[in-house]
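Derivation of every value follows stated rules applied to the coordinates shown; laboratory data play no part. Note that the structure is a prediction, hence the values are computed from the model and not measured. Note that each Cβ is placed from the backbone with ideal geometry, even for glycine, and that neighbours are counted across all protein chains shown.
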Amino acid sequence: MSDDSHEQNGHENVPSRQRRRFEGISSRAYEHPADRSALVALRKLSGFDTVFKALSGLLPERSLRLLFLSDSVRVSDEQFAHLNVMLRDACYILDLEKVPPMYVNQDPQPNAMCIGLDEPIIVVTTGLVELLDEEEMRAVVGHEVGHALSGHSVYRTILLFLTSLALRVAWIPLGNLAIMAIVTALREWFRKSELSADRAGLLVGQDLRASMRGLMKIAGGNHLHEMNVDAFLAQADEYEAGGDLRDSVLKILNVLPRSHPFTTVRAAELKKWAESRDYQRIMDGHYPRRDEDRDTSVTDSFRQSAASYASDVKNSRDPLMKLVTDIAGGAGDLGGRVRRGFGGFASSGGDSPKDRRPDEDE
């Protein structure tokens with residue numbers, strides 16, 4: 001441990017190299033506007049409050065903790081000590097006073113999660129521990145601590161339970177539809193919350209290259225010598241801008257069943273934030289603090305989220321988002337734009353010549 005080591009707020013270990021600490025930081029500092037908007041939409045979903053209250057009282061919190069205690073390895077000074085150092089570092093940097101328990105679970109699939117209703121629990125798989133180097137893993141631990149600080153663990157736990165429940169009651173048509181509506185909304189929120197947690201991971205690791213390497217490894221395995229950050233980010237650019245309206249629809253269908261955004265998209269979003277004025281202000285020590293949270297205007301949060309969405313739609317090169325912009329702007333010849341956006345697919349269904357504009361190809 002470096003000369004920086006000292007005890008503060010119960011954290012005996014601080015980063016092995018000098019990193020900035022964000023005392024009293026509010027999760028609002030790093031939360032993606034889409035995360036907050038999706039959570040608001042989720043809470044307004046019909047029936048969600050009833051389900052949330054019911055499950056909060058029924059989910060076996062103690063059973064969950066006993067399961068990991070009995071069938072996983074708890075991180076401590078005696079077990080996975082290097083992960084314990086990273087966990088304390090992350091809590092120190094984000095000023096999370098109570099260090100959540102952390103477990104390593106035998107699973108070849110690289111994964112990590114923060115779950116729990118009363119108190120958060122962090123779980124990482126052996127596949128992830130074996131895949132990432134120290135700095136990449138530090139960003140992941142910071143990512144999960146960010147989830148804990150934001151209070152995401154409660155909704156993540158309910159999502160896991162409802163996903164399992166939906167499989168069990170699939171034979172009940174109406175019951176399954178009701179559950180899947182909430183599961184779909186939860187997944188939409190959780191995908192956005194991952195963007196927030198990626199930012200928290202960067203604030204903890206303070207090494208954008210390590211965060212990028214970690215995402216690349218999750219996508220392509222432990223073959224960094226065969227990968228290139230610029231080429232990886234170019235994939236995200238091609239994914240966003242390429243294709244026609246059919247591809248836009250397919251993107252939506254592909255992402256719906258997923259709990260996480262696509263890895264290239266996460267990398268591009270994180271790089272964009274790391275280069276933003278907002279990130280620089282946080283690094284300079286100017287950020288919202290937790291003791292100000294109670295005075296925060298909900299209306300202002302809505303406004304910021306709406307402005308962010310409007311900016312994303314306006315600047316997006318996705319064909320569907322361009323169409324949305326055109327509709328909002330009252331663009332003429334909307335029918336022609338839609339047909340051309342689908343690459344002639346609409347006209348191939350048997351449009352008569354009179355349905356076509358004179359300047360359209362046969």
- Item | From phi via Karplus (6.51, -1.76, 1.60), per-residue ³J(HN,Hα) for region 120-127 in Hz, x at Gly/Pro | x, 10, 9, 10, 10, 8, 4, x
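Does region 65-157 come out rounded, prolate or oblate by the C-alpha gyration tensor, with a ≥ b ≥ c the root eigenvalues, rounded set by a/c under 1.5 and, if not, prolate when a/b is larger than b/c and oblate if not?
Note, shape of region 65-157 comes out rounded.
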- Residues whose placed amide H lies under 5 Å from that of Tyr103, excluding near-sequence neighbours: Val75, Ile122, Val123, Val124
- Under the Karplus relation with 6.51, -1.76 and 1.60 and θ = phi - 60°, whole-Hz ³J(HN,Hα) for region 231-237, x at Gly and Pro, equal 5, 5, 5, 5, 4, 4, 5
- Task: With 25 Å as the limit, write out which pairs from Lys192/Lys272; Lys44/Lys271; Lys192/Lys271; Lys217/Lys271; Lys217/Lys272 have Cα-Cα distances beyond it, or answer none.
- Result: Lys44/Lys271
- Which whole-Hz couplings ³J(HN,Hα) result when phi for each residue of region 23-37 is put into the Karplus expression 6.51 cos²θ - 1.76 cosθ + 1.60, θ = phi - 60°, listed in order with x for Gly and Pro? 5, x, 5, 8, 4, 4, 5, 10, 5, 5, x, 5, 4, 5, 5
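Grab the other residues whose beta carbon is less than 15 angstrom from that of Ala267, score K and R as +1, D and E as -1, and report the net. Numbers along the way, then the final one.
Details: positive: Arg191, Arg199, Arg209, Arg213, Lys217, Arg266, Lys271, Lys272; negative: Glu136, Glu194, Asp198, Asp207, Asp230, Asp237, Glu238, Glu240, Glu269, Glu275.
Local net charge: -2.
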